[in-house]
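Here's the structure we're looking at; comments come further down.
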Number of protein chains: 2
Amino acid sequence: MDDTGEDDLLPRLHASLLEGLPAEALLTDPGVTASYATDMAAFCAAGTPAAVALPRTVEQVQHVLRTATALRVPVVPQGARTGLSGAANASDGCILLSLVKMDRILEINTVDRTAVVEPGVVNAVLSRAVADRGLFYPPDPSSWEQCTIGGNIGTGSGGLCCVKYGVTAEYVLGLDVVLADGRLLRTGRRTAKGVAGYDLTRLFVGSEGSLGVVVGAVLALRPAPPRQLALAAEFPSAAAACAAVCAVMEAGLTPSLLELMDRTTVRAVNALGRGGPPCSSGAESLGEGLPETTEALLLAAFDTPHAPEELAAVGELCRAAGATAVVPAEDEAESEMLLKARRMSLTALDALRPATMIDDVCVPRSRLAEMLDGTAAIARAYDLLIGVCAHAGDGNTHPVVCFDPADEDETRRARESFDEIMALGLSLGGTITGEHGVGVLKKEWLARELGPVGLEMQRAVKRAFDPLGLLNPGKLF
Amino acid sequence: MDDTGEDDLLPRLHASLLEGLPAEALLTDPGVTASYATDMAAFCAAGTPAAVALPRTVEQVQHVLRTATALRVPVVPQGARTGLSGAANASDGCILLSLVKMDRILEINTVDRTAVVEPGVVNAVLSRAVADRGLFYPPDPSSWEQCTIGGNIGTGSGGLCCVKYGVTAEYVLGLDVVLADGRLLRTGRRTAKGVAGYDLTRLFVGSEGSLGVVVGAVLALRPAPPRQLALAAEFPSAAAACAAVCAVMEAGLTPSLLELMDRTTVRAVNALGRGGPPCSSGAESLGEGLPETTEALLLAAFDTPHAPEELAAVGELCRAAGATAVVPAEDEAESEMLLKARRMSLTALDALRPATMIDDVCVPRSRLAEMLDGTAAIARAYDLLIGVCAHAGDGNTHPVVCFDPADEDETRRARESFDEIMALGLSLGGTITGEHGVGVLKKEWLARELGPVGLEMQRAVKRAFDPLGLLNPGKLF
């Protein structure tokens, strides 16, 4: 902070910001700015912002950062605030720098298979725009209808597609970044390959706005694949479903989606769908909803010209692993119906109890059964409802701890179980976060995962880019 | 350097190194150490090393780095020294730290599709070992029978497979790195996904040994695809061949290989093969060798179950772009024969004149025709023989400038043309290096490509990891 008084700083900050921002790009009313103070994470403290800036140009972002540096005011970059780790939460006295107004798709090139975008473009808007040109932008986080590409880059988002197509990081070729002091850095390339110097592009992906502010991105695209064809398989245990996952991957198959829903999740989806069941048509043995007798439901899909043969192979592997029913979708519409049930999972689990905490532990897929059995044991030990949906092909589980914040004891147990789940993941050779990031939610756990040397080198990188510590302070570590 | 005299330093260094290295792991005879002083780049100065260390364990590497830090002696990490930019060249008084004795494959996991390796494992050894388990390690630089995984990671190597499978960076999940001061840093993960903190793994890939010494790697593998089936197409101009490349990519096809050889390269391959022609069997219209009347030869391959249909589609697009002949291979053996001609290109061009400089400019593939025509114009302007083979699907060209170092004027023209080619690449939105790296060869050009802010941030990262500047000094920038 500046060495003049706090009382003086706020009007000076607002006046300085307005020297380079139009009036409509600056929000200062405390009632309004407070509404920008958090993302969608539970249990994450947020401070009181000094202002919200909504720039429309790179120059305006540079002005905000120059002002912040001059006055030593922290800056918290934000997209759609759909994050699940508190990375976009305000710190006291910060400028919330929202990039949502910089939402133009600047270029789509069908030969180079690239798009050039501003950070505020909504994932679904980009996905549809490139689909219209026969192309495909794979990263598909659950919030894809709301979340922005800038937020996806900041978080290193994943989604359902990752088992075949990988995460956001694989699709970012180059970035324009405004540094803490307002200088513009261009990283990476527009070409398919390039090794000119250190890969700063990838350093920014997943950096949660703590190294610089992404104001532009060159993204790699793929040719649009055929629509995917899906299959559902019911298992008498999570372990049997995980054995099927391992068998599928070991057989050399490459599904475009390989998802698991545990019994709690299946029932939650049915409960949400009642009065208009989520899977009221489609695969027959799934009846009026999902099969509530199952202990684990596996969904697999392929988006290749020979998907039916590949699904048949998966079906056989599922049966060999103990599946009690294997139901291939007859067509794309039935496939969509199956996948819709999976996409509803988080919302459905959310509806079970007044609040939820969503975890994001990723383990080697060969350890997935241990992760699921261990999570079930934790739920029993803490007497909690914990539903798990998982990007099973990636070993990425989302245990959802359901609880009532009004119940103090249950809340304590919820937090403790959340920690136990991360400890379990680490003990299985996994990571505390596959795709949601660290933010404030998992700071302590990041330190545990990285160890002292790892943490020290992360901090050294942070200092190299942000020596004054103004960018998203208090996040990550 | 230490403040004691130079004369004193050498015996002290050797003695200190021997405190943690067995005698056979340290070479000090100047005649022997000099033989380790360079990689395969032309025109790259090398200094006189103080010693060559050949450790077999992580602890030994740590000892070398601790000793280097204590005595302020520079360290140059080395693999098989097949690099083409001088990145592994000795600096005066350095320890050459060769990792070739750390050559164990520690683990191959068919469910997780991962391998854990030491840095000295030869690319081809790993590729064959994983192939035996039904898996595939895609990166395939031309030197794959010699080059090491550690070297591939240091350089960010590519190869023929990149158009479908990407570069080395996509296959490195986690690293063990000995830092300049001897501490061991573990980066990344063993899981399919992970966003726990900054992506330091990718920062090390392509860092040319200037940030730390890679002593272990977790690599991602893929299921082994079907053997690829290839096609050759002859074009009356490079521009027509490039138009076909663009058409193939725009059509949404994903070849496993899409390579271009210009007329000079085709003739060089034939010349090399005479008396035992490289393509003496195989596709008939290629006769006893490659077709010398062609101006550009395009090779495409697919490694899918429906490769023949995809090759047929490529064939049609080639004809539409003006191909004078389209020759699909009848089987895998014929395909291999075609690809062998491509793999011989660099050797063949090397044989044309006493020396060559191999460039590595990558442009957006939509600009490939301009790159090739521009390179031909440079060859004419400088009155030089410049053959081009290209990973055309990636826009990655390897113009090979052929010259006689004994001819002073030709040598000057060779160097100038080399610079002109990089300038052309940058003017087309490209990069000075797609896969060979910067080393000492392209230092000045890296600065031009990155610009002052980019260069400054690269240096800031370097300082964060190597504050004393001991790791591979004088490389990159």
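General observations
- Listed residue (A:393, B:105, A:465) projecting farthest to the positive dipole end of the protein assembly as shown, Cβ model: A:465
- Computed from Cα atoms, the angle from the helix B:238-250 axis to the main principal axis of chain B rounds to 80 degrees.
- Residues losing 40 Å² or more accessible surface upon assembly, segment A:434-455, compared with the chain by itself, 1.4 Å: A:453
- Inter-probe distance in nm under a simple model that places probes 7 Å from Cα toward Cβ, at residue B:48 and residue A:373: 6.5 nm
- Unit charges on C-beta of K, R, D, E only; dipole of chain A, Debye: 1200 debye
- Protein-protein interface of segment A:204-233, residues with accessible area decrease of at least 20 Å², isolated chain reference, 1.4 Å probe: A:206, A:223
- Dipole of the protein assembly as shown, positive direction: furthest Cα of B:50, B:148, B:115, with charges on the beta-carbon: B:50
- Interface A-B: total buried accessible area of about 5800 Å², 1.4 Å probe, protein heavy atoms only.
- The share of accessible area on segment B:1-91 that comes from carbon and sulfur is 54 percent, using a 1.4 angstrom probe.
- Taken along the Cα-to-beta-carbon direction at a fixed 7 Å, the label points for residue B:133 and residue B:222 span 1.8 nm.
- Stretchable slack from residue A:14 to residue A:181, in nm (0.36 nm times residue separation minus alpha-carbon distance): 58.3 nm
- Accessible carbon and sulfur surface of segment A:105-223 relative to its total accessible area, %, 1.4 Å: 49 percent
- Across segment A:226-347, C-alpha contacts under 8 Å between residues 6 or more apart give a mean separation that, scaled by the residue count, equals a relative contact order of 46 percent.
- Percent RCO, i.e. relative contact order, over chain A, from Cα pairs under 8 Å lying at least 6 residues apart: 16 percent
- Across segment B:353-468, the mean sequence separation of Cα contacts (distance under 8 Å, 6 or more residues apart), normalised by length, yields a relative contact order of 31 percent.
- If the convex hull is drawn through the Cα atoms of chain B, its volume per residue in Å³: 153 Å³
- Of the whole protein surface, residue A:127 contributes about 20 Å² of accessible area at a 1.4 Å probe radius.
- For the listed residue pairs A:340/A:443; A:101/B:462; A:475/B:164; A:193/B:475; A:340/A:475, the alpha carbons are over 28 angstrom apart in A:340/A:443; A:101/B:462; A:475/B:164; A:340/A:475.
- Inter-copy label distances at residue B:107, shortest first and taken from points set 7 Å along Cα to Cβ: 4.3 nm.
- Between 0 and 90°, nearest 10: helix B:368-381 axis offset from chain B longest Cα axis: 80 degrees
- If a spin label sat at a point 7 angstrom from the Cα of residue A:411 along the line to its beta carbon, the backbone N atoms of segment A:328-363 nearer than 12 Å would be those of A:355.
- Ordered from largest to smallest accessible area (heavy atoms of protein chains, 1.4 Å probe), the residues A:144, A:445 come out as A:144, A:445.
- Here the accessible area of segment B:336-405 is 52 percent carbon and sulfur, with a 1.4 angstrom probe and all protein chains present.
- Net charge dipole, segment A:226-347: roughly 440 debye, given to the nearest 20, about the Cα centre with Cβ charges of +1 for Lys and Arg and -1 for Asp and Glu.
- The distance separating the Cα centre of segment B:401-477 from that of segment A:426-477 comes to 33 Å.
- Of interest is the spacing of the C-alpha centroids, which for segment A:159-236 and segment B:301-318 amounts to 29 Å.
- Prolate/oblate/rounded call for segment A:6-98, Cα gyration tensor, a/c under 1.5 rounded: prolate
- Relative protection proxy for A:20-33, A:452-465, from highest mean packing down: A:452-465, A:20-33 (other beta-carbon atoms within 10 angstrom).
- Label-to-label distance for residue B:330 and residue B:306 is 2.7 nm, based on points extended 7 Å past Cα in the beta-carbon direction.
- Probe 1.4 Å, protein heavy atoms only - accessible area per residue of the protein assembly as shown in square angstrom: 35 Å²
- Other-copy label distances relative to residue A:10, 7 angstrom Cα-Cβ extension, nm: 7.1
- Only Lys, Arg, Asp and Glu carry charge here, each on its Cβ (+1 for the first two, -1 for the last two); on that basis the protein assembly as shown has a dipole of about 720 debye about its Cα centre.
- Backbone geometry of segment B:457-462 corresponds, through the Karplus equation with coefficients 6.51, -1.76 and 1.60 at θ = phi - 60°, to 3J(HN,Hα) couplings of 6, 4, 5, 5, 5, 4 Hz, x marking Gly and Pro.
- Relative to the longest principal axis of the Cα atoms of chain A, helix A:332-343 runs at roughly 60 degrees.
- Applying 1/(1 + (r/R0)^6) with r as the Cβ-Cβ distance of residue A:34 and residue B:34 and R0 = 56 angstrom yields a FRET efficiency of 0.20.
- Per-residue [θ]222 nm for chain A (sum of -39500 (n - 2.57) over DSSP H runs n ≥ 4, rounded to 500): -11000 deg cm²/dmol
The values are calculated or read from the model by the stated rules, or taken from the named source; none is laboratory data. Predicted model only: the values in this text are computed from it and were never measured. Don't worry about glycine lacking a Cβ; one is built from the backbone with ideal geometry, like all the others, and counts go over all protein chains shown. Keep in mind that these areas ignore ligands, DNA and RNA; they rest on the heavy atoms of the full protein, side chains included. Shrake-Rupley method; radii C 1.70, N 1.55, O 1.52, S 1.80 Å.
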